[in-house]
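Since every read-out is calculated from the coordinates, none of them should be taken as a lab result. Note that the structure is a prediction, hence the values are computed from the model and not measured. All Cβ positions, glycine included, derive from the backbone under ideal geometry; neighbour counts span all protein chains shown.
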Amino acid sequence: MGQADNVQRNGKSTKNPSFYWLKNVREVLERPRAKLAEMMRAPSSASSCIFCQIARSSTSTVLLHSDEKVVVFQDINPSAFRHYLVIPIEHIPTVRNLQRRDEDFALVSHMLDVGQTLLRKDAPNSKHFRFGFHQPPFNSVDHLHLHCLALPFIPSWKSIKYLSLGPLGGFIKAEKLLEKLKPLSPLTS
Ligand SMILES: [Zn+2]
Ligand SMILES: [Zn+2]
C-alpha cells in the first residue's frame, strides 16, 4: 500500500531507543490514520487544522450533528459498526489542554451526551459502547475529538487502539476524564 515512513515525517531521526520504540507503538496504533495525518502537513494550528475546517463546514464531510459548541461526523476509518467523532468547534489540541474547571467539565459532558444520543439512535441494537479520547502521543489529530463506538470492533484487533496503556496513557474513557475535570466542591474540607 506504500505506507509513508512516518518515523521520518517530522525530521526527528533520533537514535534514542525509547523514543524510537514509542514512535513505533504510535505508528501501529494510528496506522489507519496516516492518510489523514498527511493532509495536515503544517504543524497544528487553528488555521491549518483539518478538524477546524470540518467544524466550519468547509469540507465535504457530512455533519451528523452540529450546535454552537460541537459538531459530529463519521470517523474516516471506522473501527466499529458505528464510529463517530464529536469535536468542539473551538480548537483545543488535546486532553492535556483541559483543566479541572466548570467550562471544560461542561464541554466534555456535552460532547459525551451528544455522542451517546446519536449512537442510541443510530445503533439501537448495540449493547456495548465505548466513548473516550486518545492521550498524547497516541492521538492522531491535534484537535480534541471524542471517539464514540457502537461495538463490536470491526475487525476485532482494532480494540487495541481503544485500551488504556497504564503509565503510557493510551485511551482514556470519557467518564474517567470527566472525573479528572469535575470541579471540586468548595464545601468539601
Ligand atoms: Zn482544530
Ligand atoms: Zn483519536
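Worth a mention:
- Test result for GLY115, in contact with a Lys or Arg (Cβ under 9 Å, 6 or more places away or on another chain), under 28 Å from SER58 (Cα atoms) and buried (at least 20 other Cβ atoms within 10 Å of the Cβ): no
- No other residue among ASP104, ASP122 is away from ligand 2 (no atom under 16 Å from the Cβ), within 23 Å of SER47 (Cα to Cα) and out of contact with any Pro (no Cβ under 7 Å at 6 or more places or on another chain) apart from ASP104.
- ALA174 vs. criteria more than 16 Å from ligand 1 (Cβ to nearest atom), in contact (Cβ under 8 Å) with a residue 60 or more places away in the chain, within 18 Å of VAL70 (Cβ to Cβ) and of a type outside the set (S, T, N, Q): yes
- Residue match in region 98-120 (condition: of a type outside the set (A, V, I, L, M), in contact with a Cys (Cβ under 6 Å, 6 or more places away or on another chain) and within 16 Å of SER140 (Cα to Cα)): no
- Filtered residues of region 133-145 (kept if under 15 Å from LEU178 (Cβ atoms) and more than 9 Å from ligand 2 (Cβ to nearest atom)): GLN135, LEU144
- For region 88-103, the set of residues classified as surrounded by 14 or more Cβ atoms within 10 Å (Cβ to Cβ) and either more than 16 Å from ligand 1 (Cβ to nearest atom) or aliphatic (A, V, I, L, M) (or both) consists of ILE89, ILE92, VAL95, LEU98, listed by residue number.
- Take the conditions (1) within 16 Å of ligand 1 (Cβ to nearest atom); (2) in contact with a Ser or Thr (Cβ under 7 Å, 6 or more places away or on another chain); MET111 misses just one of them, which is (2).
- Counted residues, region 116-147 - those being in a strand (DSSP E or B) and touching an Asp or Glu at 6+ places or on another chain (Cβ under 9 Å): 4
- Look at region 66-85: where a residue is of a type in the set (D, E, K, R) and a partner is part of a loop (DSSP other than H, G, I, E, B) and crowded, with 18+ Cβ neighbours inside 10 Å, sitting 6+ places away or on another chain with Cβ atoms under 6 Å, you get ARG82/ALA123.
- Positions within region 177-189 being touching a residue at least 12 places away in the same chain (Cβ under 8 Å) and outside any loop (DSSP other than H, G, I, E, B), in sequence order: LEU177, LEU178, LYS180, LEU181
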